[in-house]
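Here the structure is laid out as structure tokens; the discussion comes afterwards.
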Amino acid sequence: MSGLALNSVTKEFGTFTAVNNVELTVPHGTFVCMLGPSGCGKTTLLRMIAGLDLPTGGGIRLDGEDITRVPTHKRNLGMVFQSLALFPHLTVGENIAYPLRIRSAPKEDQKKRVDELLSMVHLSGYADRPVSKLSGGQRQRVAIARALAISPKLFLLDEPLSALDAKLREAMQVELRQLQQQLGITTIVVTHDQREAMTMADTVVVMNGGEIRQAASPIEIYRRPADTFVADFIGSTNLLEAEADGTGRVSVLGQPVAGISLGPNVRKATLSIRPEDVHLTAPGNGALSGTVTFVRDLGGTIETFVDVAGHQVVAVSTPRARPDVSVGQPVGVVLLPDVCVVLAK
Amino acid sequence: MRREAPHRLADYGPLFFPAMMLIVFFVVPFATMIAVSFFQRQQGGFYVPAFELANYQRFLSLFFANVLGFSLMLAIAVAVCCVVLAVPFTYLLTRMARKVQVVWLVALLSVLSLSEVIIGFAWSTLFSRTAGITNLLVMAGLMSEAKALLPSFGAVLTGMVYQAFPYTVLVLYPALVRLDPTLTEAARTLGASPVKAFFTVVVPALRNTITATLIMVFIFALGSYLLPQILGRPQHWTLSVLITDQAIYQSNMPFAAAMAVFLVLVTLGLVALTVIAGRKGEAA
């Protein structure tokens, strides 16, 4: 099979399991974002793919070949580090030419390739500058160009944009995605920024506690989270306790709700509903009844906080669909069945 | 913290103490030495103020040129050996666990507490025929009979490298600890084997530190006068040995001072050359 395959990859540091039995296949040419809170094992997993750490269990295959024990320098990959790790004693051009020089490529080929890469990352004419004279965004581009110099089979990035300011970061996300699509290179990015993951990835891999919680397209992760962790970690959501009685009638936060099914033989579950899917109406008519506790008007969006039986439910709406509510007013919270995701407890 | 240029005399106050120390313990003795180098020697063993160049003239002979040449060559050899050994050693040391590093550093520091005399006699025992390391080789069946490894150039070099090695490590250590470990990892992901990464990234990135260390060990080794006498033959004696000999045993202070001044000038010249060469390399 063409692409990267992780088979029950495990990494233990003493008694601590950093990565636990990870199974993942990355088809050739896809862009994968590994997303999770710090300490979830995503960087360790990336380092094992790069060969900088060895797994204590399981195997890694690239294009059908077992690379679990292949030393890093024989894997022909490109990696961008969080610190960028540009070589301070070399110029921009020499940095980019480093992987070619190590492979003893002819001088004229090196120069040609460096010019190609510099124009690809919009830094033509910067070859002779010392890296210390570059701005953060420019260093980023140099690090990317250097990693791509040998047209690697695998392009790995460890929190590549975390040092940039917000505006530049968003621009680089788009640029990185376009570059990846243009080159058709299998790419794995580790990030803790979900916007970054949603912007760039074909597949988002959500990790927590050394395990993969869900691996799917960004929209599916958002719309169909696999569990409460994913639902809560990606975007913001309302997690509501739901119960079913013997006849299948469902109540949420102790109030009966029509049209929602928890599935066969499930008595207790958690409902996830995105704030933009929560509708506020007049009390009654089968809606959950609650009281408005706070309204946050951000101009572009309006967040309404509603207290339902001691639980806080947040509804987000646009100014055009502004709910006609004020603090202290009783409201009805409508849970539409097709936007509620039922998650196992 | 605000940084302002000092305005009043009192603003220079904090500099007073270090300046005094420097004047009393460095400028005055050094100036005295330069002055004495022009004085005239009395046969009785002392000297009278004068201004003559005889001391320097006497120095301009093939014999002293040879000694000076050998001294410089020995100091360079010691500096190169120390740096070649210490850079990989310190690099590996900084990658070890904290506890291991502490043990090594304490061991190296304890070598510094040994006096030159002890180091000299310890090595002269180790290199001797009767009790030396060749006896171990004989026991291991690698040699047919024990032999003395001293006096010889190798023995002098070994003793001096042993003495200078801890200094070298201690000077290199901070720079290597600060070196970003992802630099070597990046080199490996870009296709360099660990050894290649060491030579193409670690060594060049530390070029200035390595140059500074070479100069430091070179100067340190230039001043050594005991080890060449204990471990070497007379032809392995350095200029420092001759200076000691003139100053203490021949009681010829003016000549000793002249040699010392000359040694300082040659040393400064070499250091300046190294620095200029380093700058050129950086600009290229």
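Just a few scattered comments:
Conditions (1) touching a residue at least 60 places away in the same chain (Cβ under 8 Å); (2) out of contact with any Leu (no Cβ under 6 Å at 6 or more places or on another chain); (3) among the hydrophobic types (A, V, I, L, M, F, W, C), marked per residue:
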residue	(1), (2), (3)
A:T237	no, yes, no
A:A244	no, no, yes
A:Q255	no, no, no
A:I260	yes, yes, yes
A:A269	yes, no, yes
A:P275	no, yes, no
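- Matching residues in region A:268-300 - criterion: being within 30 Å of the chain's Cα centre (by Cα) and open to solvent by 60 Å² or more (accessible area, probe 1.4 Å): A:K268, A:E276, A:H279, A:R296, A:D297, A:L298
- Filter result (open to solvent by 20 Å² or more (accessible area, probe 1.4 Å), in a loop (DSSP other than H, G, I, E, B) and under 17 Å from B:S193 (Cα atoms)) within region A:85-105: A:R103, A:S104, A:A105
- Flag for B:F153 being open to solvent by less than 30 Å² (accessible area, probe 1.4 Å) and of a type in the set (F, W, Y): no
- Residue in region B:241-250 that is open to solvent by 10 Å² or more (accessible area, probe 1.4 Å), more than 21 Å from B:M73 (Cβ to Cβ) and part of a loop (DSSP other than H, G, I, E, B) present: yes
- Restricting the first member to region B:74-96 and to residues that are within 29 Å of B:L263 (Cβ to Cβ), and the second to residues that are among the acidic types (D, E) and in a helix (DSSP H, G or I), no beta-carbon pair is closer than 6 Å while six or more apart or on different chains.
- Extreme residue, surrounded by the fewest Cβ atoms within 10 Å (Cβ to Cβ), among residues of region A:257-267 that are out of contact with any helix residue (DSSP H, G or I) (no Cβ under 6 Å at 6 or more places or on another chain) and under 19 Å from A:D338 (Cα atoms): A:P264
- Among residues that are over 22 Å from A:Q180 (Cβ atoms) and within 11 Å of chain B (Cβ to nearest Cβ), A:K112 is not included.
- Filter result (farther than 22 Å from B:G191 by Cα and open to solvent by 20 Å² or more (accessible area, probe 1.4 Å)) within region A:40-56: A:T56
- For region B:164-197, a residue qualifies if it is open to solvent by 10 Å² or more (accessible area, probe 1.4 Å) and more than 12 Å from chain A (Cβ to nearest Cβ), and the qualifying residues are B:F165, B:Y167, B:L170, B:V171, B:Y173, B:P174, B:A175, B:V177.
- If you check B:F26, B:F63, B:F121, B:F51 for being open to solvent by 50 Å² or more (accessible area, probe 1.4 Å) and part of a loop (DSSP other than H, G, I, E, B), only one passes: B:F51.
- Among the residues of region A:1-35, those that are of a type in the set (S, T, Y) and without any contact (Cβ under 8 Å) to a residue 60 or more places away in the chain comprise A:S8, A:T10, A:T15, A:T25.
- Criterion: closer than 30 Å to A:F87 by Cβ, assigned to a loop (DSSP other than H, G, I, E, B) and more than 14 Å from chain B (Cβ to nearest Cβ) - qualifying residue of A:A197, A:A127, A:A163: A:A127
- Residue in region A:50-61 that is farther than 17 Å from B:L183 by Cα, in a loop (DSSP other than H, G, I, E, B) and either of a type outside the set (S, T, Y) or within 13 Å of another protein chain (Cβ to nearest Cβ) (or both) present: yes
- Taking the conditions (1) charged (D, E, K, R); (2) surrounded by 14 or more Cβ atoms within 10 Å (Cβ to Cβ); (3) free of Cβ contacts under 8 Å to residues at least 40 places away in the same chain in turn, A:E108 satisfies each one other than (2).
- Residues (open to solvent by less than 60 Å² (accessible area, probe 1.4 Å) and part of a loop (DSSP other than H, G, I, E, B)) located in region B:98-118: B:S115
The values are calculated or read from the model by the stated rules, or taken from the named source; none is laboratory data. Values in this document were obtained by computation on a predicted structure and should not be read as measured data. Please note: Cβ atoms are built from the backbone with ideal geometry, for glycine as well, and neighbour counts cover all protein chains shown. Note: accessible area is taken over every heavy atom of the protein model, side chains too, but ligands, DNA and RNA are not part of it. Shrake-Rupley method; radii C 1.70, N 1.55, O 1.52, S 1.80 Å.
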